1. Quick one: is ARG66 under 26 Å from ALA50 (Cα atoms) and under 15 Å from the mean Cα position of the chain (by Cα)?
2. Considering the stretch 94-107 alone, what residues qualify as being buried (at least 16 other Cβ atoms within 10 Å of the Cβ) and aliphatic (A, V, I, L, M)?
3. Would you mind telling me which numbered condition in (1) modelled with pLDDT of 95 or more; (2) buried (at least 18 other Cβ atoms within 10 Å of the Cβ) PRO47 fails?
4. Of the residues PRO5, PRO33, which is touching a strand residue (DSSP E or B) at 6+ places or on another chain (Cβ under 8 Å), loosely packed, with under 15 Cβ neighbours inside 10 Å, outside the structural domain of ARG124 (by TED's automatic domain parsing) and modelled with pLDDT under 95?
5. How about the stretch 55-97: which of its residues are under 18 Å from PRO134 (Cβ atoms) and in contact (Cβ under 8 Å) with a residue 60 or more places away in the chain?
6. Mind listing whichever residues of the stretch 94-115 are over 22 Å from ALA51 (Cα atoms) and not in a loop (DSSP other than H, G, I, E, B)?
7. Among strands (runs of 3 or more DSSP E) lying entirely in the stretch 4-81, which contain 2 or more residues that are of a type in the set (Phe, Trp, Tyr)?
8. Would the stretch 71-79 turn up any residue that is under 25 Å from THR31 (Cβ atoms), exposed (fewer than 12 other Cβ atoms within 10 Å of the Cβ), in the same structural domain as LEU38 (by TED's automatic domain parsing) and not basic (Lys, Arg)?
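The values are calculated or read from the model by the stated rules, or taken from the named source; none is laboratory data. This one's a predicted model, so the numbers in the text were calculated from it and none came from an experiment. A quick note on method: Cβ atoms are made from the backbone with ideal geometry, for glycine too, and the neighbour counts reach across all protein chains shown.
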Amino acid sequence: MSIVPAALAADTRCRLPEQADLPVLEGCRQTAPGTLELSLAALARLPVDAAGLGTVLAAGQFYYVRRDGRHLPVVAFDNGADAFSEGLVRALVDGRLGYYDTALNPAFAARFDWGWPFEDGHARVCDGCRRGTPDADGHVPMLGGHGYRIDRRGQRSPPPR
């Protein structure tokens with residue numbers, strides 16, 4: 001969960017959250033929830049990592065962005081974009097949680113109400129769970145529903161021994 005100041009949550013311009021002063025990336029803005037408009041100049045200026053991914057913050061939403069303009073709205077975690085774990089990152093798409101690779105392709109269909117990062121080849125997910133009340137640090141518990149583990153293909157896997 002992330003705590004983004006209200007002024008930034010309302011600002012549709014893209015900002016570079018990896019830099020301390022959160023500078024605006026000119027030519028980049030959120031046009032609708034989950035959708036960015038990026039100019040060629042903005043893509044050229046976007047700082048990227050070894051995997052070819054840059055991170056922007058627009059309207060309170062973190063996105064991973066590739067130089068070709070492909071982008072993905074990802075889960076916020078500890079005041080930043082969710083980190084890749086075992087090569088996959090979590091993203092909410094059309095209200096469902098899924099896992100995506102560094103090319104921003106889905107590993108399998110987004111179909112969970114919530115999920116945690118992959119660890120040792122598996123991730124915990126839940127169906128029918130709902131967000132609880134945030135604590136003082138902004139962490140939100142997931143309540144109710146049915147939890148289980150999945151493998152990297154999105155298939156149910158047995159509980160750990």
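1. Numbers: under 26 Å from ALA50 (Cα atoms): yes; under 15 Å from the mean Cα position of the chain (by Cα): yes.
When the stated conditions are applied, ARG66 passes them.
2. Correct list: LEU97, LEU104, ALA107.
3. Only one criterion is unmet by PRO47, namely (2).
4. It is PRO33.
5. Selection gives PHE62, ALA76, PHE77, ASP78, ASN79, GLY80.
6. The first filter runs over the stretch 94-115 and keeps only residues over 22 Å from ALA51 (Cα atoms), leaving 94-97, 109-115.
Result: ARG96, LEU97, PHE112, TRP114, GLY115.
7. Numbers: elements: 13-15, 24-32, 35-38, 53-58, 61-66, 71-74.
Result: 61-66.
8. First, pick out the residues of the stretch 71-79 that are under 25 Å from THR31 (Cβ atoms): 71-77, 79.
With exposed (fewer than 12 other Cβ atoms within 10 Å of the Cβ) added as a condition, the list becomes none.
No, that holds for no residue.
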